[in-house]
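Working notes for the structure below.
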Amino acid sequence: MIGVLAIATLVSGTSPRVPVERRVASMGTTLDVVVVARDRGLGLAASEAALREIQRVEALLTTWKRGGELDRIDEAPPDRPVRVSPELAGLLAEVFAWIPRTEGAFDPTIAPLLRAWDLRGQGRIPSAAELSAARAAAGSDKFRLDASANSVTRLDPAAGIEEGAWGKGYGLDRAAAALRSAGVSDAALDLGGQVLALGADAEGKPWRVPVADPRERGRAVAVLGLTGASASTSGDSERSRESGGRSIGHILDPHTGEPAPDFGSVTVVAPTGLVADVLSTAFFVLGPARGLALSERLRRGGIRNEAIFLVVRGGSLEALASPGISALVLSFDPAAVHGLTTSTR
């Protein structure tokens with residue numbers, strides 16, 4: 001995920017709108033929270049509630065540490081049901097439903113492939129036999145979800161569920177719910193580059209969310225204005241590895257088992273963090289043409305989303321975007337990226 005949240009910290013002169021900012025390490029990255037509240041006390045209490053919720057979700061979903069609910073599924077012997085919370089049972093059912101919706105471009109069961117490529121380590125190039133075995137161990141058919149019993153059964157000893165392409169999005173959604181419950185309707189959360197924006201910033205305007213140059217993460221080439229939405233960016237600019245003289249991207253194509261081709265980046269805007277997280281991964285795997293086609297099919301089916309692909313063309317970037325992106329673009333650098341238009345509002 002790439003992109004950094006731009007924070008407006010001015011206080012309106014007409015009504016109390018006090019911004020409170022927090023930064024903590026969470027989910028293997030950095031979480032920035034900006035809460036706009038009627039007073040500092042409310043802002044601090046609400047931000048603390050959001051941080052606690054992110055920490056709770058991390059403990060639920062992490063497979064980097066032993067003992068969490070999802071980790072227990074991945075470590076259980078085959079054919080032995082694992083009792084899980086109703087929350088995780090429902091969440092996994094929702095996450096698995098995105099596999100057919102994305103035509104398999106998103107698949108949370110690719111843990112065997114990540115192990116084959118050693119993407120949690122230094123990276124390696126698997127042999128043809130190793131890759132074939134990892135592909136055979138992936139797939140939703142390697143798990144049995146029983147919603148009535150709140151249980152999950154792993155059916156293959158090499159199978160595993162990977163939370164990397166959806167866990168952060170779900171964490172943002174739960175943190176946003178905690179903010180609302182605490183009485184805050186204006187806030188922005190940035191979890192490692194994925195942003196969820198609620199309401200308006202301290203000036204009463206949409207939250208400004210930069211879109212980074214996929215070749216240089218610290219450089220913004222466009223700015224989106226978001227409210228009541230999440231923006232997630234997928235790209236390989238800073239997370240690829242080198243092995244055997246080959247660059248290995250961290251986003252794998254579930255169909256081939258290979259790293260997806262690195263064309264640049266894709267940013268997806270959706271109503272929830274989970275959907276934005278899932279779709280940015282799926283669209284990157286599919287690439288610009290097929291990704292935009294799927295984006296359109298999903299919108300026709302009632303799933304709101306917008307996407308902007310930044311494609312590296314020599315020394316410049318070409319933007320390929322869904323029709324609704326222009327209403328969200330507040331500004332862009334015309335010298336760096338071609339094909340964008342700005343909002344008229």
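In what sequence do Lys168, Lys142 fall when counting other Cβ within 10 Å, fewest first?
In increasing order of surrounding Cβ atoms, one gets Lys142, Lys168.
Along the charge dipole of the chain, pointing to its positive end and built from +1/-1 on Cβ of Lys, Arg, Asp and Glu, which listed residue (Val36, Ala197, Gly160) has its Cα farthest out?
So the residue we want is Val36.
List the equivalent ellipsoid semi-axes of the range 96-236 in whole Å, largest first, each obtained as the square root of 5λ for an eigenvalue λ of the Cα gyration tensor.
Semi-axes from the Cα gyration tensor: 35, 22, 11 Å.
Mind checking which of Ile325, Asn150, Ser185 is farthest towards the positive end of the chain's charge dipole, using Cβ charges of +1 (Lys, Arg) and -1 (Asp, Glu) about the Cα centre?
Result: Ser185.
So what are the ³J(HN,Hα) numbers for the range 60-75, from phi and the Karplus equation (6.51, -1.76, 1.60; θ = phi - 60°), rounded to whole Hz, Gly and Pro as x?
Values, residue by residue: 5, 9, 5, 10, 7, 10, 7, x, x, 4, 5, 4, 5, 5, 5, 9 Hz.
Would you mind getting me the FRET efficiency between Ala129 and Arg52? Use the beta-carbon distance for r and R0 = 45 Å, nearest 0.05.
Efficiency at R0 = 45 Å is approximately 0.45.
Be a star and scan the range 255-289 for residues whose amide nitrogen sits under 13 Å from the point 7 Å along the Cα-to-Cβ vector of Arg120.
In the range 255-289, the label zone of Arg120 (backbone N under 13 Å from the point 7 Å along Cα→Cβ) covers no residue.
Tell me, in nm to one decimal, what length is gained between Arg300 and Leu145 on full extension, where the rule is 0.36 nm per residue of separation less the Cα-Cα distance?
That works out to 52.9 nm of additional length.
For the range 69-154, what's the radius of gyration and Dmax over Cα atoms, in angstrom?
Answer for the range 69-154, Rg first and Dmax second: 13.9, 41 Å.
For Thr342, Thr281, what's the fewest-to-most ordering of other Cβ within 10 Å of each Cβ?
Thr342, Thr281
Using 1/(1 + (r/R0)^6) with R0 = 56 angstrom and r between the beta carbons of Arg83 and Ser316, what's the FRET efficiency to the nearest 0.05?
Efficiency for this residue pair is about 0.55.
When His250, His338 are ordered from fewest to most other Cβ atoms inside 10 Å of their Cβ, what list results?
Going from sparsest to densest Cβ surroundings: His338, His250.
Would you kindly calculate the mean projected area, averaged across all directions, of the convex hull enclosing the Cα atoms of the chain, in square nanometres?
For the Cα atoms of the chain, the hull's average projected area reads 17.8 nm².
Can you pull the Rg over Rh of the range 110-166, Cα-only, Kirkwood?
1.05
In debye to the nearest 20, how big a dipole does the chain give about its Cα centre with +1 on each Lys and Arg Cβ and -1 on each Asp and Glu Cβ?
Around 340 debye, computed over the chain.
Give me Rg over Rh for the range 166-206, both radii from the alpha carbons and Rh done the Kirkwood way, two decimal places.
0.98
When the helices in the chain are scored as -39500 (n - 2.57) per DSSP H run of 4 or longer and the sum is shared across all residues, what 222 nm value do you end up with, to the nearest 500 deg cm²/dmol?
Using -39500 (n - 2.57) per qualifying helix, the result is -10000 deg cm²/dmol.
Values in this text are rule-based calculations from the coordinates and carry no lab data. Model, not experiment: these values are computed from the prediction. Every residue, glycine among them, receives a Cβ derived from its backbone with ideal geometry; neighbour counts consider all protein chains shown.
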